[in-house]
Amino acid sequence: MAKVEKPIPETNTWTEPFWDATREGKLVIQKCVDCDQKIFYPRLICPSCFSQNIEWIEASGKGTVYTYTVVVNNAPSAFLDDMPYVVAVVRLDEGVQMLSNIVECDPASVHCDMPVKVAFKSINDEYTLPVFKPL
Amino acid sequence: MSLKGKAAIIGIGEVPSGKFPERACIVSAVESAVMAVKEKKKKREDIDTIIPTGTVYNAQYNNEMVTGRIVEELGLSGVVKNNVSVFSGGSSSSTMLKVAAGLVNIGAAKYILCLHSEKLATGLSLQGGIDLFSTAGIAKEWEVPFGQHYSSVAALATQRYKYETGTTDEQLAAVCVSNRKWAELNPNAMFRKPLSIDEVMESKMLSTPLRSKMSNMLADGGSAFVVTSPERAAEHTDKPVYLLGSGSRATHFVYSQEPDLTRFAFADAAKDAFKEANLTPQDIDVMEIYDSYPVYQLIGFEESGFCKRGEGGQLFSEGKTWPGGKYPVTTNGGMLSQGHTGGGGGVALLVEAARQLMGKAGERQVKDASFAAYTSTGGTYFDSHVTILGTVVPD
Ligand SMILES: [Zn+2]
């Protein structure tokens, strides 16, 4: 079977600063200037107060594993060679949640509420994913 | 304003779910529609509105249903005033019923045919199915690049739910066994062979802690129901199935944005639905709880108020949810055993709720069933719906 290319993020104009930052090894999220709400994923308006007055801030990159799974069979075509890999929902210290992968550890050692910090994994020259490793 | 008692289901139809390579998708639609329409005493020409729900195995077929193919196939050209698709994935059963009830209640339609047809088992390859469901409803910017797909989606909720409630893998397996007990009695189910907890526990691990026999199987299928006003319903049947209450919340699009993957919003949805119906969970005779994976069935059952959080696993393990048990749950076998027909998994549950209340459930009939609750959810569990149906309208 021909190797299937990894899916790259289907980005939007207003989310490009996020992907520009990950390429530079930085994790950024949005903050509402009017109500201070931290926002991820990048939005057009503040989900808390409807404001369009939103700025980018660098996140601490630290958080915990809210939940996770080790994919060992029946992955999508582009990920068959990666098995076993860990998919996790990470809660950043800033209070936002994001889907990611847990890397640089034995998948069997991952657990709920495990402290993690951000790392970066490039898919190609253009896109780098924020992933997480044990703190 | 409430729709309580303002609409009724008077006819249901369903074709067997499973692998039917020779059965064209439109055949499932037409056969289900004919069964549902024939149940009422009037002519098919009374149907003035058709609500097909979405089909995902093939975009062309879906477009055909959106643009009136079923109107023509049923010989209702120029008779049907509106053919309008209502689609919210697995919760389409609930949203179709709600839209239909609203239309008949305001007099915009007299008899509405709601229907679903799908060909997910034989219209796609296995890997095609995995790949389709690694993108359908999964955010292409924020989740697909990380290898998210339907097994990992379900596994994420299962892992956290186990962590917070202490529910065991064996108890999750017991949900699959319970559904199979019902499916053994359901001629339309895809899987009818007895299933044991050991078989589930020995099945292939997909995404920890989710195993293959804890996963639904994609199926071909079709089902339909006819909705009308209570006044018209009385002309056709002495057992109309009334809509008594409904509650719902849409909580996320991107799965990882859901604030509580162990609850979703079924508690709020149930609160609204029971309040509207003026009933309590103790009044319910049959619970058609949306499954697709065992964790969601436990969450739907517990959050709707049928038992305390974290206690569902034990009830399923003890067989209390089996045929003859105190809590008849998901009595068609659910998507785990009847088969997952896309949005049709939820339609099949609604049709089963109506079937039980009409007293037409054959070997698996729950005795004297007067009130049924059913739950549904679409996409990656983006919404939570609870609906109450009954053979009488309580005060
Ligand atoms: Zn704000």
Problem set entry | Those residues of the range B:220-262 whose amide nitrogen sits under 17 Å from the label point placed on B:Asn278, 7 Å along Cα→Cβ | B:242-246
Problem set entry | Inter-label distance for B:Val393 and B:Ser196, nm, one decimal - labels placed 7 Å from Cα along Cα-to-Cβ | 5.2
Problem set entry | Normalised contact order of chain B, rounded percent, pairs of Cα under 8 Å and 6 or more residues apart | 26
Seminar exercise, completed: Per the rule of 0.36 nm per residue minus the C-alpha distance, extending B:Asn58 to B:Thr168 adds in nm 35.8 nm
For this session: Mind checking which aspartates and glutamates have their Cα closer than 14 Å to the Cα of A:Lys26? Skip sequence neighbours fewer than 8 apart in that chain.
Result: A:Glu16, A:Glu58
Exercise. Roughly how big is the range A:1-70's charge dipole about its Cα centre, with Cβ charges of +1 (Lys, Arg) and -1 (Asp, Glu), in debye to the nearest 20?
Worked result: 280
Exercise. Of all the accessible heavy-atom surface of the range B:89-197, with the other protein chains kept in place and a 1.4 Å probe, what percent is carbon and sulfur?
Worked result: 57
For this session: State the percentage of accessible surface on chain A attributable to carbon and sulfur atoms; use a 1.4 Å probe and exclude ligands, DNA and RNA.
Result: 47
Exercise. Using the alpha-carbon centroid of each, what span in Å lies between the range B:17-86 and the range B:162-179?
Worked result: 38
Problem set entry | Flagged links, alpha-carbon separation over 29 Å, of B:Lys119/B:Lys204; B:Lys43/B:Lys193; B:Lys326/B:Lys360; A:Lys38/A:Lys121; B:Lys119/B:Lys181 | B:Lys43/B:Lys193
For this session: Would you jot down the residues in the range B:144-162 that end up with at least 10 Å² less accessible area in the complete protein assembly than in the chain alone, with a 1.4 Å probe?
Result: B:Val144, B:Pro145, B:Phe146, B:Gly147, B:Gln148, B:His149, B:Ser152, B:Leu156, B:Gln159, B:Arg160
Problem set entry | HN-Hα J in Hz across the range B:124-130 - Karplus 6.51, -1.76, 1.60, θ = phi - 60°, x for Gly and Pro | 9, 6, 4, 5, x, x, 4
Problem set entry | With Cα atoms, 0 to 90° folded angle of helix B:92-105 axis to chain B main axis | 30
Exercise. So in the protein assembly as shown, what percent of DSSP beta bridges are antiparallel if you round to the nearest 5?
Worked result: 85
Exercise. Tell me, in nm to one decimal, what length is gained between B:Lys367 and B:Lys239 on full extension, where the rule is 0.36 nm per residue of separation less the Cα-Cα distance?
Worked result: 44.6 nm
Exercise. Can you pull the mean other chain C-beta count within 10 Å for peptide A:90-98?
Worked result: 2
Problem set entry | Where labels lie 7 Å past Cα in the beta-carbon direction, separation of A:Val33 and A:Phe50 in nm | 2.0
Problem set entry | Candidates A:Leu99, A:Leu27, A:Leu44, ranked by Gaussian network fluctuation over chain A, Cα under 10 Å, top entry | A:Leu44
Problem set entry | Folded to 0 to 90 degrees: helix B:294-303 orientation relative to chain B principal axis, Cα | 70
Seminar exercise, completed: For B:Gly11, other-chain or 5+-apart residues with amide H closer than 5 Å (H placed, Pro excluded) are B:Val226
For this session: Taking the dipole about the Cα centre of the protein assembly as shown, with the C-beta of Lys and Arg at +1 and of Asp and Glu at -1, give me whichever of B:His116, B:Ala36, B:Phe274 is farthest to the positive side.
Result: B:Ala36
Seminar exercise, completed: Between the alpha carbon centres of the range A:61-79 and the range B:187-217 the gap in Å comes to 22
For this session: Summarise the partner chain shielding of A:61-73 as one whole number: the mean count of Cβ atoms from other chains within 10 Å of each residue's Cβ.
Result: 6
For this session: Using only Cα atoms, find the angle between the long axis of helix B:169-183 and the longest principal axis of chain B, and express it within 0 to 90 degrees, rounded to the nearest 10.
Result: 30
For this session: Quick one: net charge around B:Glu164, please, counting Lys, Arg +1 and Asp, Glu -1 for every other residue with C-beta under 10 Å from its C-beta.
Result: +3
Problem set entry | Total formal charge among the other residues, if their Cβ is under 14 angstrom from that of B:Ala250, Lys/Arg +1 and Asp/Glu -1 | -2
Problem set entry | For the protein assembly as shown, accessible area per residue (1.4 Å probe, heavy atoms of protein chains only), Å² | 38
Problem set entry | Virtual spin-label span in nm between B:Val84 and A:Ser60, 7 Å along Cα→Cβ | 5.0
Exercise. Where both residues lie in chain B, what percent of DSSP beta bridges are antiparallel, nearest 5?
Worked result: 75
Problem set entry | Solvent-free Debye scattering, log10 I(q)/I(0), computed from the Cα coordinates of the protein assembly as shown at q = 0.08, 0.09 Å⁻¹ | -0.51, -0.64
Exercise. Between chains B and A, what is the buried accessible area in Å², counting both sides, with a 1.4 Å probe and ligands, DNA and RNA left out, to the nearest 100?
Worked result: 3200
For this session: Mind grabbing the base-10 log of I(q)/I(0) for chain A at q = 0.16, 0.21 Å⁻¹? Debye formula, identical points on the C-alpha positions, no solvent, two decimal places.
Result: -0.88, -1.29
Problem set entry | Furthest towards positive pole of dipole, B:Met205, B:Thr321, B:Ala250, structure part chain B, Cβ charges | B:Thr321
Problem set entry | Those aspartates and glutamates that a straight Cα-Cα span of less than 16 Å connects to B:Lys40, excepting residues fewer than 8 apart in one chain | B:Glu14, B:Glu31, B:Asp48, B:Glu231, B:Glu235, B:Asp238
Exercise. Given +1 on the Cβ of Lys and Arg, -1 on the Cβ of Asp and Glu, and no further charges, what dipole in debye does the protein assembly as shown carry about its Cα centre, rounded to the nearest 20?
Worked result: 1140
For this session: Only Cα pairs under 8 Å and at least 6 apart count here; give the relative contact order of chain A as a rounded whole percent.
Result: 23
Problem set entry | HN-Hα J in Hz across the range A:101-116 - Karplus 6.51, -1.76, 1.60, θ = phi - 60°, x for Gly and Pro | 10, 9, 10, 6, 7, 5, x, 5, 8, 6, 8, 4, 6, 5, x, 9
Seminar exercise, completed: Comparing B:Ser77, B:Ser292, B:Ser88 in a Gaussian network model of chain B (Cα, 10 Å), the one with the largest mean-square fluctuation is B:Ser77
For this session: Determine the distance separating the Cα centre of the range A:2-50 from the Cα centre of the range B:323-395; give it in Å without decimals.
Result: 40
Exercise. Per residue, what volume in Å³ does the Cα convex hull of the range B:194-279 take up?
Worked result: 223
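The values are calculated or read from the model by the stated rules, or taken from the named source; none is laboratory data. Note that this is a predicted model, so its numbers are computed, not measured. Cβ: placed from backbone, ideal geometry, glycine included. Neighbour counts: every protein chain shown. For accessibility, only protein heavy atoms count, side chains too; no ligands or nucleic acids. Shrake-Rupley method; radii C 1.70, N 1.55, O 1.52, S 1.80 Å.
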